[in-house]
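Comments concern the structure below.
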Amino acid sequence: MNAVINAPPAAIPGPAWNNRFAALGPDFFTALQPTPLQTPYWIGRNEALARELGLLEPWFSSQESLELFTGNKVAQGLQPLASVYSGHQFGQWAGQLGDGRAILLGELQTGAGPREIQLKGAGLTPYSRMGDGRAVLRSSIREYLCSEAMHGLGIPTTRALCVTGSSAKVRREEIETAAVVTRTAPSFIRFGHFEHFSYNDQHDQLKILADFVIDNFYPACRVAAQPYAALLQAVSERTATMVAAWQAVGFCHGVMNTDNMSILGLTIDYGPFQFLDAFDPGHICNHSDTQGRYAYNKQPNIAYWNLFCLGQALLPLMDAQAQALAALESYKTVFPQALEGRMRAKLGLPDALPEDKALIEGIFQLLAADKVDYSIFWRRLGGFAPGAGNEPVRDLFLDRTDFDAWALQYSERLEPVDHGLRADLMLKTNPKYVFRNHLGEQAIRAAKLQDFSGVDTLLKLLQAPFEEHPGQETFAGFPPDWATSIEISCSS
Ligand code: AMP
Ligand code: MG
């Protein structure tokens, strides 16, 4: 093995790089090199994604790849950069932010189109403000696993190619060690990039950025009567679809600031996120979010608020405010439709009937009243049989009478539905494996002791969350009591 890992770089051809964002010019970024980390080592390598990106063996597991994805060596043809953006944080205008610890290496050409490759935690940038430009092992493992979990669930997201670690010390509440996550997306442009140029009255740059996004990612908007209003509408629709998927699967993002909202409608910037354990509509996953601004049940409205900020930022490119307002309206129809569609699939209903709304609202009330485990409930409901005792799912409720009344209603609704079709739909919609906080915590504790096998096991399970994975059931069980004491804050 060593002979392969230590092969001279010239013997293993590396990838060819491009960087369209760099062509936007210096108003949009600062060109810079990542800062090396001492004696890096692999923590996780996502081989499935590497193949999709055309990063083949033996190169992907080579020393050169390890050095590149830690930021220790820059390959030929790379134009690394940190981009500038601004944003609203916790409802307040925060001014200039920018990539304070993320460095865009460049783009790889893949079968699915170009993919940007970004290092998170690769050192100081002009936008680091008070930060150290680093990311810790704990938060890097969380981002690596959660973004792949979201992808496995079919939810639009940035993805993660690998995590490397180093013994370099990083100061947070306590001393931790540094890590770098390599993440990938068609683009890392955020709402905050548009806000930045708009608030600084740099309308030429605002237009250049909007045109870049339209031409590369929303080409249909170019031929619309009002391309920039069309862009706002398209982003509103993608964001609505994404948040509906979050709600359906019980995902709380935790920091929905406008600088953490992707212009492509991807889930981005995994920090204090959480998948719900017990169902609590007002659940707050971010320990720093004292007001509950980003509670689970607030996410749909916050996404709309953020889109409003984007609309405001795009106004200089429109003839009238009414165009922006009309474009934003789409969120109000797309979100409820997308959510209802997702919920109907969770119930195993292949088509829509007017009474479905009441059925969905009814079960949410019961789940909240008894704080039922969200993911386990849905997975078990897949085995529901009309007229039977249905103990596995019924026993999840304290109030069995209320559940029985709902089950009767559900049984009636299922009468015209083919049983096989329903079971199949539910198994493909209600995951068995979700990335709960305690699972991450266990993998992180082992990783701190240099055992990375838990990271790899979780990656494989979470990339195929609807499959059974015999022998791995403990990863699909109820959270242990200590799970409620895990506190995840913005510190990462
Ligand atoms: P976040 O809340 O993680 O989305 O980060 C908000 C802003 O703070 C972004 O501009 C980040 O780049 C920056 N930031 C967060 N942590 C650090 C850090 N350790 N060093 C430098 N900048 C950081
Ligand atoms: Mg961020």
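The values are calculated or read from the model by the stated rules, or taken from the named source; none is laboratory data. Predicted, not measured: the structure shown is a model, and the values here were computed from it. A quick note on method: Cβ atoms are made from the backbone with ideal geometry, for glycine too, and the neighbour counts reach across all protein chains shown.
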Tell me yes or no: at least one residue of the stretch 378-399 is in contact (Cβ under 8 Å) with a residue 60 or more places away in the chain and within 18 Å of Val249 (Cα to Cα).
yes
Note: among Phe435, Phe478, just one is in contact with a Cys (Cβ under 7 Å, 6 or more places away or on another chain) and of a type in the set (A, V, I, L, M, F, W, C), namely Phe435
Condition met for Ala179 (crowded, with 22+ Cβ neighbours inside 10 Å, farther than 18 Å from Asp259 by Cβ, within 16 Å of ligand 1 (Cβ to nearest atom) and within 22 Å of the chain's Cα centre (by Cα)):
yes
Within the stretch 86-110, restricting attention to residues that are surrounded by 18 or more Cβ atoms within 10 Å (Cβ to Cβ) and on the phi > 0 side of the Ramachandran plot, which residue is nearest to ligand 1 (Cβ to nearest atom)?
Gly98
I need every pair where a residue in the stretch 463-489 that is not assigned by TED's automatic domain parsing to the domain that holds Ala345 has its Cβ under 6 Å from the Cβ of a residue that is crowded, with 16+ Cβ neighbours inside 10 Å and at pLDDT below 95, sequence separation at least 6 or different chains.
Ser489/Ser288
Restricting the stretch 111-135 to residues that are farther than 11 Å from Arg101 by Cβ and either of a type in the set (Lys, Arg) or within 14 Å of ligand 1 (Cβ to nearest atom) (or both), the one surrounded by the most Cβ atoms within 10 Å (Cβ to Cβ) turns out to be Arg115
Out of curiosity, is Ser83 within 22 Å of Asn257 (Cα to Cα), within 12 Å of ligand 1 (Cβ to nearest atom) and without any contact (Cβ under 8 Å) to a residue 60 or more places away in the chain?
no
Identify, please: which residue in the stretch 440-466 is of a type in the set (D, E, K, R) and under 21 Å from the mean Cα position of the chain (by Cα) and is, among those, farthest from ligand 1 (Cβ to nearest atom)?
Lys460
Taking the stretch 348-365 and keeping residues surrounded by 15 or more Cβ atoms within 10 Å (Cβ to Cβ) and either among the hydroxyl-bearing types (Ser, Thr, Tyr) or over 28 Å from the mean Cα position of the chain (by Cα) (or both) leaves Asp356, Leu359, Gly362
Selection status of Gly265, away from ligand 1 (no atom under 16 Å from the Cβ), on the phi > 0 side of the Ramachandran plot, over 16 Å from the mean Cα position of the chain (by Cα) and part of a loop (DSSP other than H, G, I, E, B):
no
